[in-house]
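Enquirer: I am attaching a structure below and will ask some questions about it afterwards.
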Amino acid sequence: MRSNAVESAVLDIDWAAQTVLPIEFQGRELQLEARAYQGKDPQDQAMALINRATNGQSAATPLVRVHSGCVTGDIFHSLRCDCYKQLQSALEKIVDTPNGILIYLPSHEGRGIGLVNKIKAYALQDKGVDTVDANVQIGAPIDARDYTLAADILFDLGFPEIKLLTNNPAKIEALRAYGIKVIEQVPVVTEPCAHNRRYLETKRQRMAHKL
Ligand SMILES: [Zn+2]
């Protein structure tokens, strides 16, 4: 548990840089503030995309998505998980709100076990094992994600109090443990498909996701 926001921001972020990133989103060109951050471990990097408030709404509690990177889903739109749909749904809300922030964490690939382990777990799932038991069988944690850097980014941006776009109560608890006050959980609703129906059901039944 952190003692205060200033201390954590000073202690745990080694490096940050920022630019303006023009992105194409649903046929629109958007200009977003982009900040890259690095934790104490140089491998621990993250990007924040920020839709800044205008018209004097800069003090509004921001709507935040803390998104775990997923190469298969986010880049190739894999149907085995719901990452891409969640990312799109979150971005829709973030670009339409006075203070919207997407924190993207590449090191959270495969719930923190990495790409190779994730694909190993997929191979077991091909044989009928569910997403939780597959991790256990390959000797990997069910969820190895660390939210220190995400919390420090929010402190750095001056937002220790947020509304969080998530279906995952554990994510809220993790951020709270690092001193972030989550005043509202905003669900991210996506339509299941044939390929991810069991994955989503396992998340609901065995990982307490609100789906
Ligand atoms: Zn995914």
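Enquirer: Under 7 Å between Cβ atoms, which residue pairs at least 6 apart in sequence (or on different chains) link something in segment 82-105 that is farther than 11 Å from Ala53 by Cα with a partner that is of a type in the set (Gly, Ala, Ser) and within 13 Å of the ligand (Cβ to nearest atom)?
Expert: Between residues of segment 82-105 that are farther than 11 Å from Ala53 by Cα and residues that are of a type in the set (Gly, Ala, Ser) and within 13 Å of the ligand (Cβ to nearest atom), the close pairs are Cys83/Gly73; Tyr84/Gly73; Tyr104/Gly69; Leu105/Ser68; Leu105/Gly69.
Enquirer: Further question on the same structure: Of everything in segment 26-53, what is assigned to a loop (DSSP other than H, G, I, E, B) and under 16 Å from Lys93 (Cα atoms)? Give them in sequence order.
Expert: The first filter runs over segment 26-53 and keeps only residues assigned to a loop (DSSP other than H, G, I, E, B), leaving 26-27, 39-44, 52-53.
Answer for segment 26-53, where residues must be assigned to a loop (DSSP other than H, G, I, E, B) and under 16 Å from Lys93 (Cα atoms): Gln26, Gly27, Arg52, Ala53.
Enquirer: Do you know which residues across segment 90-110 are open to solvent by less than 20 Å² (accessible area, probe 1.4 Å) and in contact with a Ser or Thr (Cβ under 8 Å, 6 or more places away or on another chain)?
Expert: Asn99, Leu105, His108, Glu109, listed by residue number.
Enquirer: Just give me the residues in segment 124-163 being closer than 21 Å to Ser89 by Cβ and in contact with a Leu (Cβ under 7 Å, 6 or more places away or on another chain), in sequence order.
Expert: If the condition is that a residue be closer than 21 Å to Ser89 by Cβ and in contact with a Leu (Cβ under 7 Å, 6 or more places away or on another chain), then Tyr147, Ala150, Ile162, Lys163 are the ones that fit.
Enquirer: Moving to a separate point now. If you scan segment 127-166, which residues turn out to be open to solvent by 10 Å² or more (accessible area, probe 1.4 Å) and more than 20 Å from Gly114 (Cα to Cα)?
Expert: Those that are open to solvent by 10 Å² or more (accessible area, probe 1.4 Å) and more than 20 Å from Gly114 (Cα to Cα): Lys127, Gly128, Phe155, Asp156, Leu157, Gly158, Phe159, Pro160, Glu161, Lys163.
Enquirer: Out of (1) surrounded by 17 or more Cβ atoms within 10 Å (Cβ to Cβ); (2) at positive phi, what's the single condition that is false for Arg80?
Expert: Failing condition for Arg80: (2).
Enquirer: Any idea which of (1) within 15 Å of the ligand (Cβ to nearest atom); (2) closer than 25 Å to Gly27 by Cβ; (3) not acidic (Asp, Glu) is the one Gly112 doesn't satisfy?
Expert: It fails just one condition, (2).
Enquirer: Give the residue, chosen from Ala53, Ala59, Ala48, that is open to solvent by 60 Å² or more (accessible area, probe 1.4 Å) and among the small types (Gly, Ala, Ser). Let's see the steps before the verdict.
Expert: Numbers: Ala53 fails: open to solvent by 60 Å² or more (accessible area, probe 1.4 Å); Ala48 fails: open to solvent by 60 Å² or more (accessible area, probe 1.4 Å).
Step by step, each of Ala53, Ala59, Ala48 is checked, and only Ala59 is open to solvent by 60 Å² or more (accessible area, probe 1.4 Å) and among the small types (Gly, Ala, Ser).
Enquirer: For segment 111-124, state whether one or more residues are closer than 21 Å to Leu165 by Cα and in contact with a Ser or Thr (Cβ under 8 Å, 6 or more places away or on another chain). Full working, then the answer.
Expert: Pass one, segment 111-124, residues closer than 21 Å to Leu165 by Cα: 111-112.
Retained after the next criterion (residues that are in contact with a Ser or Thr (Cβ under 8 Å, 6 or more places away or on another chain)): 111-112.
Scanning segment 111-124 turns up at least one residue that is closer than 21 Å to Leu165 by Cα and in contact with a Ser or Thr (Cβ under 8 Å, 6 or more places away or on another chain).
The values are calculated or read from the model by the stated rules, or taken from the named source; none is laboratory data. Here the structure is a predicted model, which means the values were calculated and not measured. Counting neighbours? That spans all protein chains shown, and the Cβs are built from the backbone with ideal geometry, glycine included. Only protein heavy atoms, including side chains, enter the accessible area calculation; ligands, DNA and RNA are left aside. Shrake-Rupley method; radii C 1.70, N 1.55, O 1.52, S 1.80 Å.
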